[in-house]
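Structure, as structure tokens:
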Amino acid sequence: MLTRGWLSVALLVVVPVWSQVSSPISPAPTVGGDDQMATPPPVSGQAYPTEVGAEAQSNYLRGGLTFRSGYIDNFYAGSGGSPLSETTFSVLSTISFDQTTPRQHRMLSYSPGFTFYRPSSGLDETDQSAVLLYMFRPTPHMSVNLNDSLEKSSTAFAAPGSGADGAVSGSSPDMVPGVIAPFADRLTNNAAMQFSLQYSPMAMIGGSGTSMELHYPNPSEVSDLYDSDMRGGSTFFNRRIAAEQYTGINYQYSQMLTYPPDAQSETVTHTIDGFYSIDSKGGFSISISGGAQRYEVTQTSLPGTGAWGPNVTASAGWQTLRTNFAASYAHEVTGGGGLLGAFHSNSANAFARWQASRTWTLGASGSYAINKSVTPLLLFAMPGGHSIAARATVGRSLSRQLNLGCEYDRVHQSYTGITAISDNPNSDREIISLAWQFTRPLGK
């Protein structure tokens, strides 16, 4: 069920080591003059940046090694006995390439790693994440963006899509947000393509196609959760109404599939909404969109159901030389994410980073999601639940190539009837890490 083309290439490159990825995407290369329009967050499909302005770089080759030791103080806290304590040891490596020219932006990042658990050595894992990005401007006012990411991991802490990973998007979630099976292997592959054309100084049209897939290699680890995938597309009209203000309309189609044994659950949504966005060249952006959404849900051998409902998304971002902040909220009906049926989702994400001095950096991120079933009469339907994830970090630069970091992570999930989550509803982790990194500049 995984995207055959992209996944096959990725596996050939990264075997034998694997790790949502949801990596923030850098702005497209710019050409032309002041008449060039921005693509607002509600329709760009991109995440707000996770670095402060002073950290932003392009045209480099970067690599490094990170050694981490962590402590989980309430492992399997919901399994019935007393909470267990786990110590983890990780070795992570990273290699990344980023190059920007007046018309192109190319980026490739690959991060394999190993994590060892003690005393539960059966949880030892091999992680990997790979991100490929290509942006191209055939003309000053036409843009084509392609990106693909692959992730294999079993950790629930700061997992891609959880919100605690720092990725805050101005678009609505593609699948049910906030559902992560703790300490269970998962493989995700996300691919997207976007095209935009500014055909006048004040107007732009565009469209996109997306694919997102979630696979659990060991079903016994994820009782009551199932493989899922999503396919979708959108088209939009964007008009500039002032120097830094945009408004427009967007249509989006999504098909979300979940695969329980010998059956299939399908959720199809059609969303039409209008948006308004302020995109300041000073690093500040705020957007809001809202409209109507039609959802249709079917399950093998059962009659389908459907209805109309509201759809609302809001987001804001602010980036300066030493500070970065982003936040978002979304209300919609969605499906997939390992769950059966469709759900009213209310989700919020926030991220903050502050470079307090030349050598000290502080960060925090978090998410909250409430998912309530709109199909309680379907076979094996899940009532829903809520989740909270948070992360706090402190970093100290010891030299140009050596950094010391401390991190605290918290995950809480409450979903009735999902054994994989109810057996471990709460987890806390403390980490200390030492990272070595090199950077080499590249010619433009």
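Any read-out appearing in this document is the output of simple, stated calculations on the displayed coordinates, not a laboratory observation. All values reported here derive from a predicted model rather than from experimental measurement. Neighbour counts are summed over all protein chains in view; Cβ atoms, including those assigned to glycine, are modelled from backbone coordinates with ideal geometry.
Computed FRET efficiency, Cβ-Cβ of Ala54 and Thr439, R0 25 Å: what is it to the nearest 0.05?
0.95
Name the shape class, rounded, prolate or oblate, that the alpha-carbon gyration tensor gives for the range 327-444, where a ≥ b ≥ c are the square roots of its eigenvalues, rounded holds for a/c under 1.5, and otherwise prolate holds if a/b is larger than b/c and oblate otherwise.
Verdict is prolate for the range 327-444.
How far apart, in nm, are two points set 7 Å out from the Cα along the Cα-to-Cβ line at Arg103 and at Phe136?
Distance between the two pseudo-spin positions: 1.0 nm.
Can you report the principal axis dimensions of the chain using only the alpha carbons, biggest first, rounded to whole angstrom?
65, 61, 38
In nm, give the distance between the simple-model label positions of Thr416 and Val312, each being 7 Å from the Cα along the Cα-to-Cβ direction.
Each label point is offset 7 Å from its Cα along the Cβ direction, giving 2.6 nm.
Once the piece of chain linking Ile205 and Ile278 is laid out straight, how much longer is it, given 0.36 nm per residue of separation minus the C-alpha distance between them?
Between Ile205 and Ile278, full extension yields 24.5 nm more.
Hey, got the Cα dimensions of the range 96-226 along the principal axes, in Å, largest first?
Its Cα atoms span 62, 31, 22 Å along the three principal axes.
Treat the count of other C-beta atoms within 10 Å as a stand-in for reagent exposure and order Ile249, Ile421 from fewest to most.
If I rank by nearby Cβ atoms, fewest first, I get Ile249, Ile421.
If you rank Lys372, Lys152, Lys281 by fewest surrounding Cβ atoms within 10 Å, what's the result?
Lys281, Lys372, Lys152
What is the list of residues in the range 394-428 whose amide nitrogen lies under 20 Å from a point 7 angstrom out from the Cα of Ser357, following Cα to Cβ?
Answer for this model: 394-407.
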